[in-house]
Amino acid sequence: MAALVTGLLLGAGGVGAAWAIAGDGSADTSGAAVDARGACDALAGFDETKFTAKGDEGLVALNRWSGAVTLSAAAAAGDPAYESLSDSLSRAQHRHAQVFDFDAEVKKDLAKARGICEDL
């Protein structure tokens, strides 16, 4: 369990740092909007069916998941307009931690977060 938590924290930090350095060339290149776009980019690349895969495939899924959750929290802390995105991903993360599965409730919150991302 400690290895999983450490992996999540390191992955989230790495994803956040990569997006902070790279940016996406849009007009707003600082603050909450960048964090929200980063969360949505990570979420768009996240495939929950690969979460338990062995090797790099599983690590990619794990890091995209943790990156999306972490960056959405940063976005919400910077601007309350992103609280719904953060809340959806936080609920999904908490539920997943309880059941160790992407069950219907988790998928519902993921779908809501993806819908919010489409509107950003």
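Every read-out reported here was derived from the displayed coordinates using simple, explicitly stated rules and does not represent laboratory data. Note that this is a predicted model, so its numbers are computed, not measured. Using ideal geometry, Cβ is built from the backbone for each residue, glycine included, and neighbour counts are taken over all protein chains shown.
Worth a mention:
- Gain on full stretching of the segment that runs from ALA111 to LEU59 - 0.36 nm per residue minus C-alpha separation: 16.5 nm
- Top positive-direction residue, dipole computed over the stretch 53-120 with Cβ charges, set ALA104, LEU85, LEU71: ALA104
- Cross-link reach list, aspartates and glutamates versus LYS54, counting only Cα pairs under 17 Å and skipping chain neighbours closer than eight places: ASP101
- Sorting 47-57, 67-77 by average packing, meaning the other beta carbons within 10 Å per residue, from highest down gives 67-77, 47-57.
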